[in-house]
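Notes follow once the structure below has been shown.
Read-outs: derived from the displayed coordinates by stated rules, not from any lab. The model shown is predicted, which means the values in this text are computed figures rather than measured ones. All Cβ positions, even for glycine, are placed from backbone atoms using ideal geometry, and neighbour counts span all protein chains on display.
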Amino acid sequence: MIIAIDGHSSCGKSTIAKALAKRLGYTYVDTGAMYRAVTLFCQQNKFIQNGIVNEDALKQHIGEINISFALNKDTQQQDTYLNGVNVEKQIRSMEVAHDVSMVSKIGFVRKAMVEKQQKYGESADVVMDGRDIGTVVFPNADYKFFVTASPEVRAQRRYDELMSKEGHANYDEILENLKQRDFIDTTRAESPLRQADDAILVDTSEMTREGQLEWILSKIQQ
Ligand code: DC
């Protein structure tokens, strides 16, 4: 069984996907974390200078990137590992958020990530969240949801999350970053973010987390 959850940045997709996977006993795959890990790898190796990605260098070294997930016993969430190092915190930083759209629009990066994502789906029941899961990674997914919320609601949620985790955040910077990522994600040539024709739309602006989960479950169990 494959459940694809796509949608805009910070619309609550991953919260819904995690809760759904837990409830159904499926494997959760956070594909955004994979693109974030590749971005961190680029930053660590100085492949991004002045906002420009050195694609030749990345292409040469992409085979050295090993991304994996493992359960964090304290948080009961999956943490992301880059070449064996836990990078969960680093990949959620504003620095990575700033560069990730530049990296995730590169064709050979997408090809490598999509192949890994399809392998996850071959071996387990999965709930996978991202931008192109229902359109490119699993066009024949059993269920497809497209999640969205207004940019202001999304920025406020991200602000609250950063404040509780880091103790500091800048609402205007977050809103600007979100709008910029939406623009790049929806207009890029390679697998732009769009709602699959057969995806069910979920607007979370006015929904509680519990409400979102129950609503999606009701669609699956119909
Ligand atoms: O879901 P997220 O905010 O963690 O995703 C980070 C970035 O990765 C986002 O700007 C778009 C990109 N992404 C993508 O292009 N395709 C995916 N399947 C998942 C994420």
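Only residues that are more than 8 Å from the ligand (Cβ to nearest atom), touching a Lys or Arg at 6+ places or on another chain (Cβ under 7 Å) and acidic (Asp, Glu) were counted in the stretch 93-141, giving 0. Return the residue satisfying two criteria in turn: it lies in the stretch 12-21 and is more than 9 Å from the ligand (Cβ to nearest atom) and either in a helix (DSSP H, G or I) or of a type in the set (Phe, Trp, Tyr) (or both), and of such residues it is surrounded by the most Cβ atoms within 10 Å (Cβ to Cβ). The extreme case among them is 17. Quick one: is residue 69 part of a helix (DSSP H, G or I), in contact with an Asp or Glu (Cβ under 9 Å, 6 or more places away or on another chain), among the aromatic types (Phe, Trp, Tyr) and surrounded by fewer than 22 Cβ atoms within 10 Å (Cβ to Cβ)? The answer is no for residue 69. Among the helices (runs of 4 or more DSSP H) confined to the stretch 103-222, the ones with at least 2 residues that are within 16 Å of the chain's Cα centre (by Cα) are located at 107-123, 151-166, 171-187. Can you find a residue that is under 23 Å from residue 173 (Cβ atoms), charged (D, E, K, R) and part of a helix (DSSP H, G or I) anywhere in the stretch 49-58? Within the stretch 49-58, none of the residues are under 23 Å from residue 173 (Cβ atoms), charged (D, E, K, R) and part of a helix (DSSP H, G or I). For the stretch 22-48, the tally of residues that are of a type in the set (Ser, Thr, Tyr) and assigned to a helix (DSSP H, G or I) stands at 3. Only a single criterion out of (1) within 25 Å of residue 71 (Cβ to Cβ); (2) among the hydrophobic types (A, V, I, L, M, F, W, C); (3) more than 11 Å from the ligand (Cβ to nearest atom) is not satisfied by residue 153, namely (1).
Taking first residues from the stretch 101-117 that are without any contact (Cβ under 8 Å) to a residue 12 or more places away in the chain and more than 16 Å from residue 193 (Cα to Cα) and partners that are surrounded by 19 or more Cβ atoms within 10 Å (Cβ to Cβ) and of a type in the set (S, T, N, Q), no Cβ contact under 8 Å between residues at least 6 apart in sequence or on separate chains turns up.
The number of residues in the stretch 152-178 that are within 20 Å of residue 36 (Cβ to Cβ) and surrounded by 14 or more Cβ atoms within 10 Å (Cβ to Cβ) comes to 13. Note on the stretch 25-41: among residues that are touching a strand residue (DSSP E or B) at 6+ places or on another chain (Cβ under 7 Å) and more than 12 Å from the ligand (Cβ to nearest atom), the one that is farthest from residue 112 (Cα to Cα) is 26. Being surrounded by 17 or more Cβ atoms within 10 Å (Cβ to Cβ) and among the charged types (D, E, K, R) is true of residue 79.
Take the residues in the stretch 117-127 that are in contact with a Ser or Thr (Cβ under 9 Å, 6 or more places away or on another chain) and not small (Gly, Ala, Ser), then tell me which one is surrounded by the most Cβ atoms within 10 Å (Cβ to Cβ). Looking at the filtered set, the residue picked out is 127. Using the structure shown, decide if residue 9 is small (Gly, Ala, Ser), buried (at least 20 other Cβ atoms within 10 Å of the Cβ) and touching a Leu at 6+ places or on another chain (Cβ under 7 Å). In short, yes.
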